[in-house]
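Worksheet: one structure, shown below.
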Amino acid sequence: MATQFDAIIIGTGQAGPSLAARLAGAGMRVAIIERKRFGGTCVNTGCIPTKTMVASAYAARLARRSAEYGVVLGAEVTVDMRRVKARKDEISGRSSTGVETWLKGLANCTVYQGHARLESPREVRVGSEVLSAEKIFLDVGGRAATPPVAGLDQVSFLDNSSMMQVDFLPRHLAIVGGGYIGLEFGQMFRRFGSEVTIIEMGPRLVSHEDEDVSKAIREILEAEGIHMRVNAECIRASRHANGIQVSVNCTEGPPDIVASHLLLAAGRRPNTDDLGLDRAGVARDAHGFITVDDELRTNVPGIWALGECNGRGAFTHTAYNDFEIVAANLLDNDPRRVSDRIPAYNLYVDPPLGRAGMTEAEVRRSGRPALMATMPMTRVGRAREKGETLGFMKILVDAENKKILGASILGTGGDEAIHCILDIMYAGASFTVLQRAVHIHPTVSELVPTLLGGLKPL
Ligand SMILES: Cc1cc2nc3c(=O)[nH]c(=O)nc-3n(C[C@H](O)[C@H](O)[C@H](O)COP(=O)(O)OP(=O)(O)OC[C@H]3O[C@@H](n4cnc5c(N)ncnc54)[C@H](O)[C@@H]3O)c2cc1C
């Protein structure tokens, strides 16, 4: 006999727990199922632990630069990786426990621990139990994909999850993947003291960003001593007396890298291959993402897919927004849609990259008349005062309706300053509203109106 609920949620990542709370609060009997740690990727192996480690790496970097600020430190700066990890574990563990305690304390909500599989469009199996409900919500997230690197069966390698156990300093960390995960780990371990080589199969880092942004990031990382190998179309790993040999066919640089550790950071895949989707008739695309409509309904009535597993966003804020969309439609008679969302994200290298809307390349491809302005961070007083003047800002505006199309802020505080642009985009207002706003001195945001004053035809 199946245990009856009104709603079953699979996964306690960034959409599931909030949805459980809303549905249970509305009087529904809710079951939520988690197979690993509460809080999912962001809390346990993604955003929170990596940004905690990025903060340790920033502290190490600042300590090494202390003399520039007139601060005299006694001895050579060293990093205690056990303490870095302990701090990370403490902060991320507290978040995970917080989610678990919250869910277990919710009225009308039953928490199950174990791997969940759909048995039918209305039934889910967890271990020996079968649960049934008229509404099922899939928030199963994703995991690291293994890139096509020959010889991986011969060597041991790390991914974003196993990196969380590293409490020592790798002598030489080779990273396959020049996307945001690879770059964040690369810079932090370089700052901790490792030799780092980033191997990217494409011609440049973070290839979906504009070329000038990608080039500036490369220069920033290379200036810290990170080795870059791009155009590495063919990568082979093998054992070596001193660790792991990674052979690359790059046009520049030696053909072999001998590293002590290998991190694979070349993409993610959705956790949809062992979810019983076929039994329920839920459709997936060629990459395994569950196909959904603009309100996150799957092809099977009564089943929704939220978060990374639907391929409509690969971030915590997009997963959380998925919860908001589903809750608004189901409970508030408020027709929120995925297509209302403006693409926005940060890359947490230092200085960070804040991104909103379209890139310059996308605007050019769209063929619409546009205006663009750029400004180096050396012109930003706040950046000069902090001694952090690397990077630049760029903004694009539609020449006809005066609305902001997109922006990139690569620079200190760029991860926060981008929001003044994002919010004007959400307001659908003309760029002149932002240009005439009086921002607080001294900040990075203060220069955004000045940046807009420099708009020129693209
Ligand atoms: C290294 C790294 C850094 C990142 N940094 C950032 C960042 O700075 N900012 C940002 O916005 N995003 C970041 N992300 C992305 C972010 O972590 C994810 O986009 C976000 O966690 C997705 O949330 P989700 O709810 O879709 O899935 P998840 O958080 O992955 O949660 C899914 C949950 O479902 C569970 N589950 C899966 N299958 C089953 C099953 N069959 N039965 C039971 N339970 C199951 C999983 O165990 C997991 O707990 C980062 C990711 C990584 C890997």
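In terms of Cα atoms, the Rg and Dmax of the chain work out to 23.6, 72 Å. When the range 325-410 is described by a simple charge dipole with +1 on each Lys and Arg Cβ and -1 on each Asp and Glu Cβ, the residue from 356, 397, 343 located farthest towards its positive end is 397.
Amide H contacts of residue 235 (H built 1.01 Å from N, in plane; Pro and chain starts excluded): 150 sit under 5 Å, all sequence-distant by 5 or more or on other chains. In this structure the amide hydrogen of residue 240, modeled in the peptide plane, comes within under 5 Å of the amide hydrogens of 245, none closer than 5 places in sequence on its chain. For residue 9, nonlocal amide neighbours, meaning residues 5 or more places apart or on other chains whose placed amide H falls under 5 Å from its own, are 31, 32, 33, 137. Once C-alpha pairs closer than 8 Å and six or more residues apart are averaged by separation and normalised to the residue number of the range 38-141, the relative contact order reads 25 percent.
Per residue of the chain, the DSSP helices (runs of n ≥ 4 H) give a summed -39500 (n - 2.57) that works out to -9000 deg cm²/dmol at 222 nm. Backbone phi angles across the range 285-293, fed through the Karplus curve with coefficients 6.51, -1.76 and 1.60 (θ = phi - 60°), yield HN-Hα couplings of 8, 5, 9, x, 6, 6, 7, 9, 8 Hz in residue order; Gly and Pro are listed as x.
Its Cα centre serving as origin, the range 391-458 has a Cβ charge dipole (Lys and Arg +1, Asp and Glu -1) of approximately 240 debye. Structural descriptor for the range 271-402: relative contact order 13 percent, calculated from alpha carbon pairs under 8 angstrom and at least 6 residues apart.
Taking Cα pairs under 8 Å and at least six residues apart, what relative contact order does the chain come out at, in percent? Computed over the chain, the figure is 14 percent. Sites listed here are trypsin sites (Lys or Arg not before Pro) in the range 375-458 whose DSSP assignment is loop and whose Cβ has at most 13 other Cβ atoms within 10 Å: 436. Among the GluC sites (Glu not before Pro) within the range 350-451, those in coil by DSSP and having at most 11 neighbouring Cβ atoms inside 10 Å are 400.
Which listed residue (116, 187, 419) has the Cα farthest towards the positive end of the charge dipole for the chain, taking +1 on Lys and Arg C-beta and -1 on Asp and Glu C-beta about the Cα centre? Farthest towards the positive end: 187. Note on the chain: antiparallel DSSP beta bridges, both residues inside, total approximately 60 percent of the bridges counted. Charges were assigned to the Cβ only: +1 to each Lys and Arg, -1 to each Asp and Glu. The resulting dipole of the chain about its Cα centre is roughly 480 debye. In order along the range 130-140, the phi-based Karplus estimate (6.51 cos²θ - 1.76 cosθ + 1.60, θ = phi - 60°) of 3J(HN,Hα) comes to 10, 10, 9, 7, 6, 10, 10, 10, 9, 10, 8 Hz; Gly and Pro are listed as x. What are the GluC sites (Glu not before Pro) within the range 245-351 that DSSP puts in a loop, where the Cβ has at most 11 other Cβ atoms within 10 Å? For GluC sites (Glu not before Pro) across the range 245-351 that sit outside H, G, I, E and B with at most 11 neighbouring Cβ atoms in 10 Å, the list reads 252. Dipole size of the range 285-420 about its Cα centre, with +1 on Lys/Arg Cβ and -1 on Asp/Glu Cβ: approximately 640 debye, rounded to the nearest 20.
In order along the range 434-444, phi translates into HN-Hα couplings of 6, 5, 9, 6, 9, 8, 7, 9, x, 9, 6 Hz, rounded to whole numbers, per the Karplus curve 6.51 cos²θ - 1.76 cosθ + 1.60 with θ = phi - 60° and x for Gly and Pro.
Projected onto the charge dipole of the range 252-375 (+1 at Lys/Arg Cβ, -1 at Asp/Glu Cβ, origin at the Cα centre), which of 254, 296, 323 gives the Cα projection farthest towards the positive end? Of the candidates, 296 comes out farthest on the positive side.
Laboratory data are not the source of any read-out in this text; all were calculated from the coordinates shown. The model shown is predicted, which means the values in this text are computed figures rather than measured ones. Cβ atoms come from the backbone with ideal geometry, glycine included; neighbour counts cover every protein chain shown.
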